[in-house]
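Each remark here refers to the structure printed beneath this line.
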Number of protein chains: 2
Amino acid sequence: MNQFEAKVFVRLRPSVLDPAGEAIKSAANKLGVDGISSLRIGKLIEINIEGNKEKDIEQNIELLCDRLFANQVIENYDYFVKRLDD
Amino acid sequence: MNQFEAKVFVRLRPSVLDPAGEAIKSAANKLGVDGISSLRIGKLIEINIEGNKEKDIEQNIELLCDRLFANQVIENYDYFVKRLDD
């Protein structure tokens, strides 16, 4: 069995409003940080998982994204899987 | 003025429990995905910002991380800044 590390990024779809991001953007302005044209908040999911082949791991991660991590009506995701050296 | 893209990753400190991550981990088991040794949920913040020098942008992003994005008692962060070609 090999150890893998997967990172999943879940973002709101571009067409979906992000009120939390907007609030932080205006707080940033008040702190004196100008020039922000967009600020959006998403989720980062980091998984350590063991398995035989990278392909199996990717299949499993995709299943988890579809079923658990992302609400595909309003979110999309991407991910990458890296094998950890023992 | 140049356009930059910053990505900030905010993670719970390793010593802090992540009950939401644990819940997803056991839901993953029920979906038939085995072998997950750890699953933790963090935040991904993506910012488009304009400025002159990459160094200024990094300073601003660090300020935002300290003051707005991360609660440093329980979270830590890292980030990277990339210049977008016009």
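Numerical summary
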quantity	calculated
Lysines whose Cα lies under 16 Å from that of A:Lys25, excluding same-chain neighbours fewer than 8 positions away	B:Lys7, B:Lys43
Relative contact order for chain A, counting Cα pairs under 8 Å that sit 6 or more residues apart, in percent	55
Cα centroid separation, region A:1-27 to region B:56-72 (Å)	17
Cross-link partners of A:Lys55 among aspartates and glutamates (Cα-Cα below 19 Å; sequence separation of 8 or more within a chain)	A:Glu5, A:Glu46, A:Asp66, A:Asp78, A:Asp85, A:Asp86, B:Asp34
GNM result for chain B, Cα springs below 10 Å: residue of B:Gly35, B:Gly21, B:Gly51 fluctuating most strongly	B:Gly35
Angle between chain A longest axis and helix A:19-30 axis [Cα atoms, degrees, rounded to 10]	50
Peptide B:8-15, shielding by other chains (average Cβ, 10 Å cutoff)	1
For B:Asn71, label point 7 Å along C-beta direction: distances to other copies, nm	2.2
Residues losing 50 Å² or more accessible surface upon assembly, region A:42-86, compared with the chain by itself, 1.4 Å	A:Leu44, A:Glu46, A:Asn48, A:Leu64, A:Leu68
Other-copy label distances relative to A:Glu46, 7 angstrom Cα-Cβ extension, nm	2.0
Residue-wise HN-Hα coupling along region A:37-51, computed from phi with Karplus coefficients 6.51, -1.76, 1.60 (Hz; x: Gly, Pro)	9, 8, 9, 10, 10, x, 10, 10, 10, 10, 10, 9, 9, 10, x
Principal-axis tilt of helix B:54-64 within chain B, Cα atoms, nearest 10 degrees	50
Helix-only [θ]222 nm of chain A, DSSP H runs n ≥ 4, -39500 (n - 2.57) each, per residue, nearest 500	-8000 deg cm²/dmol
Residue of A:Asp66, A:Asp34, A:Asp56 that the Gaussian network model of chain A assigns the largest fluctuation, springs spanning Cα pairs under 10 Å	A:Asp34
Partner chain coverage, peptide A:26-35 - average Cβ within 10 angstrom	5
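The values are calculated or read from the model by the stated rules, or taken from the named source; none is laboratory data. Computed from a predicted structure; not experimentally measured. Note that we place each Cβ from the backbone using ideal geometry, even for glycine, and neighbour counts take in every protein chain shown. Remember, those area values only see protein heavy atoms, side chains included, never the ligands or the DNA or RNA. Shrake-Rupley method; radii C 1.70, N 1.55, O 1.52, S 1.80 Å.
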